[in-house]
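Peer 1: Can you keep this structure in mind? I'll have questions shortly.
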Amino acid sequence: MNRKKEAEKVSNTISNDLVLLTIPMRRDMELAAAQLASVIAESMSFYEQQVEEIQMATIEACINAFEHSKSPDQQVFTKFIMRSDELEIKITDQGVGFSHDNRAQQRNNKPDIHPEMRKRGWGLEIIHALMDSVNISSNNNGTTISMVKCKNETDQEDGQE
Amino acid sequence: MANKFDIQIRAEKQYAILETAGYLNDALGERLSKEAQELIEKGYTQLVINLDKTALINSIGISILIEIIEALEQRDGTLNFCGLSATQERTFRMMAIAKYAGIFPDEKSAIANF
């Protein structure tokens with residue numbers, strides 16, 4: 001992103017258009033983040049289907065941290081940044097970082113009968129499919145999944161099948 | 001935050017309908033799988049899962065739905081879904097579920113297409 005666009009993005013973010021939520025890595029706590037995401041997206045006048053997409057992506061990002069981060073503090077930090085034309089959601093853990101080794105299956109699934117309809121490993125693909133842009137930054141101090149949903153007409157049209 | 005969920009089962013002569021309510025995660029998924037397995041063992045090979053009252057779903061819950069599809073395939077059975085939101089349907093199609101199970105707007109069409 002060039003400097004001009006970055007400056008425009010910053011100017012579009014009013015300082016109090018930021019919501020922070022810390023959730024413990026406990027059963028169903030992803031719903032707290034999803035519910036907050038829904039309230040924020042609705043307040044920004046996203047379409048109903050976009051709100052649902054934002055909720056599902058938020059759930060998957062939180063679950064990803066719950067299952068794979070091995071975070072010693074067992075917390076997930078969510079940041080919702082409201083801009084005039086988009087919502088950015090950052091889901092951060094302070095775990096061991098992203099690697100294929102620590103993303104091994106947590107649940108003891110039966111073998112896949114149809115490889116294309118595999119049972120696990122869909123979380124990031126779902127997030128990429130539902131959000132407009134996704135960035136993952138990770139090191140041995142933790143992982144942040146940053147995802148953006150834009151407020152545009154084409155999203156609504158694309159979602160209709 | 002408690003996730004309240006429920007499953008209503010309506011077993012007819014030729015088919016059975018499992019209607020979920022609440023967040024479809026591993027807990028609801030496992031219970032749904034248990035109920036479906038019991039129906040399969042009773043001889044039901046045509047099942048409908050109605051997700052109309054399930055607004056939120058996660059990938060772990062979906063993975064358990066895939067197990068039900070596979071269990072029915074082993075008995076030459078069929079699973080049809082109905083009541084999916086547009087986002088759920090999009091996700092199911094992305095995960096290739098639509099190739100191995102039916103997706104219909106309502107129970108009537110799901111039953112009619114066995």
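The values are calculated or read from the model by the stated rules, or taken from the named source; none is laboratory data. Here the structure is a predicted model, which means the values were calculated and not measured. Positions of Cβ are generated from backbone atoms using ideal geometry, with glycine treated the same way; all protein chains shown enter the neighbour counts.
Peer 1: Run B:Ile64 past the list (1) out of contact with any Phe, Trp or Tyr (no Cβ under 7 Å at 6 or more places or on another chain); (2) more than 10 Å from every other protein chain (Cβ to nearest Cβ) and report the number of the one that doesn't hold.
Peer 2: (2)
Peer 1: Further question on the same structure: When A:Ser38 is evaluated against the numbered criteria (1) more than 23 Å from A:Lys151 (Cβ to Cβ); (2) among the hydroxyl-bearing types (Ser, Thr, Tyr); (3) touching a helix residue (DSSP H, G or I) at 6+ places or on another chain (Cβ under 9 Å), which criterion, by number, is the only one it fails?
Peer 2: (1)
Peer 1: Where the second residue is surrounded by fewer than 17 Cβ atoms within 10 Å (Cβ to Cβ) and the first is more than 10 Å from chain A (Cβ to nearest Cβ) and lies in the stretch B:96-107, which pairs have Cβ atoms under 7 Å and are six or more apart or on separate chains?
Peer 2: Note: pairs meeting the criteria are B:Gly102/B:Asn113; B:Phe104/B:Asn113.
Peer 1: Still on this structure: Please go through the stretch B:99-114 and give me each residue that is under 18 Å from B:Leu24 (Cα atoms) and part of a helix (DSSP H, G or I), ordered by number.
Peer 2: Scanning the stretch B:99-114 gives no hits.
Peer 1: I'm trying to understand the selection: among the residues of the stretch B:40-60, which are of a type outside the set (Asp, Glu) and either within 10 Å of chain A (Cβ to nearest Cβ) or over 17 Å from B:Ala101 (Cα atoms) (or both)?
Peer 2: B:Lys42, B:Gly43, B:Lys53, B:Thr54, B:Ala55, B:Leu56, B:Ile57, B:Asn58, B:Ser59, B:Ile60
Peer 1: Under 6 Å between Cβ atoms, at least 6 apart or on separate chains: pull out the pairs that start in the stretch B:60-76 with a residue that is polar (S, T, N, Q) and end on any residue that is surrounded by fewer than 21 Cβ atoms within 10 Å (Cβ to Cβ) and part of a loop (DSSP other than H, G, I, E, B).
Peer 2: B:Ser63/A:Arg120
Peer 1: If a residue has to be buried (at least 19 other Cβ atoms within 10 Å of the Cβ) and not in a helix (DSSP H, G or I) to count, how many in the stretch B:86-98 make the cut?
Peer 2: Total meeting the criteria: 1.
Peer 1: Based on what the data block shows, is B:Lys13 among the basic types (Lys, Arg) and assigned to a helix (DSSP H, G or I)?
Peer 2: When the stated conditions are applied, B:Lys13 does not pass them.
Peer 1: Filter the stretch A:28-62 down to the residues that are within 7 Å of another protein chain (Cβ to nearest Cβ) and small (Gly, Ala, Ser), then identify the one that is surrounded by the fewest Cβ atoms within 10 Å (Cβ to Cβ).
Peer 2: Filtering the stretch A:28-62 for residues that are within 7 Å of another protein chain (Cβ to nearest Cβ) and small (Gly, Ala, Ser), the one surrounded by the fewest Cβ atoms within 10 Å (Cβ to Cβ) comes out as A:Ala32.
Peer 1: Mind checking which residues of the stretch B:67-85 are assigned to a loop (DSSP other than H, G, I, E, B) and more than 9 Å from chain A (Cβ to nearest Cβ)?
Peer 2: The answer is B:Arg75, B:Asp76, B:Gly77, B:Gly83, B:Leu84.
Peer 1: I would also like to ask the following. Specify the residue that is farthest from B:Cys82 (Cα to Cα); the eligible residues are those in the stretch B:46-56 that are crowded, with 17+ Cβ neighbours inside 10 Å and of a type outside the set (A, V, I, L, M, F, W, C).
Peer 2: Filtering the stretch B:46-56 for residues that are crowded, with 17+ Cβ neighbours inside 10 Å and of a type outside the set (A, V, I, L, M, F, W, C), the one farthest from B:Cys82 (Cα to Cα) comes out as B:Gln46.
Peer 1: Kindly indicate whether any position in the stretch A:148-156 is modelled with pLDDT of 85 or more, touching a Leu at 6+ places or on another chain (Cβ under 6 Å) and not in a loop (DSSP other than H, G, I, E, B).
Peer 2: yes
Peer 1: Also, I was wondering about something else. Quick one: which helices (runs of 4 or more DSSP H) sit completely within the stretch A:19-132 and have at least 3 residues that are more than 13 Å from the chain's Cα centre (by Cα) and closer than 21 Å to B:Glu89 by Cα?
Peer 2: A:48-68
Peer 1: Give just the number: which of (1) more than 15 Å from A:Leu20 (Cβ to Cβ); (2) modelled with pLDDT of 95 or more does A:Ile89 not satisfy?
Peer 2: Failing condition for A:Ile89: (1).
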